[in-house]
Protein chains: 2
Amino acid sequence: MSDNTPILMSIAILGGTGKEGKGLAYRWAKAGYRIYIGSRAAEKAQSAANDLATMLADNAFIEGKTNLEAAQNADIIVLTVPYAAHRETLESVKDALQGKLLVDVTVPLVPPKVTKVQMPAAGSAAQEARQILGENVEVASAFQSISYEHLFEDEAVECDVLVTGTSKRARDEALSLVSAANMIGWDAGPIENSVVVEGLTSVLININKRYGSTHAGIKITGAKNPTA
Amino acid sequence: MSDNTPILMSIAILGGTGKEGKGLAYRWAKAGYRIYIGSRAAEKAQSAANDLATMLADNAFIEGKTNLEAAQNADIIVLTVPYAAHRETLESVKDALQGKLLVDVTVPLVPPKVTKVQMPAAGSAAQEARQILGENVEVASAFQSISYEHLFEDEAVECDVLVTGTSKRARDEALSLVSAANMIGWDAGPIENSVVVEGLTSVLININKRYGSTHAGIKITGAKNPTA
């Protein structure tokens, strides 16, 4: 990096050993963020971090840690765990997240009926996260519908990212992460709208099933995005 | 019409004097469907029907009736009323709808916070319709996010239509109406997914507000639609 590169914030990716978490880590590390891959087991996180470091230029900063240590070290915490581990993971890092931003990528799919929208009582996974973490944690919701396979390619992803959040600041921070990952993001409104963004995943799975596709996504039309 | 034109089904559009209802009526009448515009007042419906007949070729069949008479005369009933009139309208035509298909276009916006998704207790307007009408009425949900201004233009609409429904048959019938209106439709799954399709309207209103657009819509990417 050149000397005038600004120091970017650090991002913890909890459950970051999964395919989507690793894909996001790859793109953000390339953009200059410091990345902490989190996992229940530190060794698993370190192994994923090593894989990514090998793929990336020497200047990339990627470390593997336990979910808690990753959360403690980072400014922004991204959650990419299966919904079955959502509550437990959040409770385990609750203290470390106070005053920070959580970006929730979780989709509350209920197998085997993954084509049917089935939201938790809180309204959506992101609203449930806010309930668990309390009012001192801003929560944004994003990246649910992207295909992780595309993240390791350096070309543009043909799926826009809808971002909801508990405040405009939370949405703007998450939108910066979307741009940094070389995707097009849109402010989709308050966190209550996350039901649409999370539920869209079931709609897209349904479309893949019915039309024989594997990577259905969405694009917003009729509006101009200043970051595009 | 030529002599070998098949006799198409008849469509009642309840609340069809509104801009969206009239726009859909225009496109379906052009495609050869018999159209009954419904309104609380028959004279208002007749006036809207006359407006449309003037815009269309002589062979178009469009009549204005009360909502109840329109529902009694038609095979498919399309509901385009404001959410405040949703329950009352459905209860008034419940008997006439038994054994038929309802296509619910209603968006349960709660003014003044129309940028925030706020669904009824049933989960969505379409699920509420099914509760009111009972199991002998198939319900599909569609056309919530299209811009009615485009319907009177004969060109393609730059917004895809997501269709949910209580059965594949209901979704397929509604998808035929999407094609007949010269739009691209997608099977978005069971009626429970209507929360996504209806809620998307608030997301798009939010995008219009934030990015200074007036007609934000969506396109499905990464899948091939056989009707497109």
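The values are calculated or read from the model by the stated rules, or taken from the named source; none is laboratory data. Please read these numbers as outputs of a predicted model, since none were measured by experiment. Quick reminder, even Gly has a Cβ in these numbers, built from the backbone with ideal geometry, and neighbours come from all protein chains shown. Accessible surface is based on the protein model in full, side chains and every heavy atom, while ligands, DNA and RNA are left aside. Shrake-Rupley method; radii C 1.70, N 1.55, O 1.52, S 1.80 Å.
Pairs are defined by a Cβ separation below 9 Å, a sequence spacing of at least 6 or placement on different chains, a first member in the range A:175-196 that is more than 7 Å from chain B (Cβ to nearest Cβ) and on the phi > 0 side of the Ramachandran plot, and a second member that is assigned to a loop (DSSP other than H, G, I, E, B) and open to solvent by less than 20 Å² (accessible area, probe 1.4 Å); the pairs so defined are A:N182/A:V157. In the range A:37-72, of all residues being out of contact with any helix residue (DSSP H, G or I) (no Cβ under 7 Å at 6 or more places or on another chain) and in a loop (DSSP other than H, G, I, E, B), the one that is surrounded by the fewest Cβ atoms within 10 Å (Cβ to Cβ) corresponds to A:D58. Residues that are under 22 Å from A:K116 (Cα atoms), more than 7 Å from chain A (Cβ to nearest Cβ) and part of a helix (DSSP H, G or I): does the range B:205-220 have at least one? Within the range B:205-220, not a single residue is under 22 Å from A:K116 (Cα atoms), more than 7 Å from chain A (Cβ to nearest Cβ) and part of a helix (DSSP H, G or I).
Among the residues examined, B:G99 qualifies as open to solvent by 30 Å² or more (accessible area, probe 1.4 Å) and within 20 Å of B:G165 (Cβ to Cβ).
Reported count of residues in the range B:138-153, each being open to solvent by 10 Å² or more (accessible area, probe 1.4 Å) and either within 24 Å of A:Q118 (Cα to Cα) or in contact (Cβ under 8 Å) with a residue 40 or more places away in the chain (or both), is 9. Residue pairs whose Cβ atoms lie under 7 Å apart, separated by 6 or more positions or on different chains, with the first residue in the range B:111-137 and surrounded by fewer than 22 Cβ atoms within 10 Å (Cβ to Cβ) and the second at pLDDT below 95, are B:Q118/B:V110.
I'd like the residue in the range A:182-228 that is of a type in the set (K, R) and more than 29 Å from A:Y33 (Cα to Cα) and, out of all such residues, is least open to solvent (accessible area, probe 1.4 Å). Talk me through it step by step, then tell me what you get.
From the range A:182-228, those of a type in the set (K, R) are A:209-210, A:219, A:224; that's our starting set.
Then keep just the ones that are more than 29 Å from A:Y33 (Cα to Cα); that gives A:209-210.
Working: A:K209: 155, A:R210: 87 Å².
The residue in question is A:R210.
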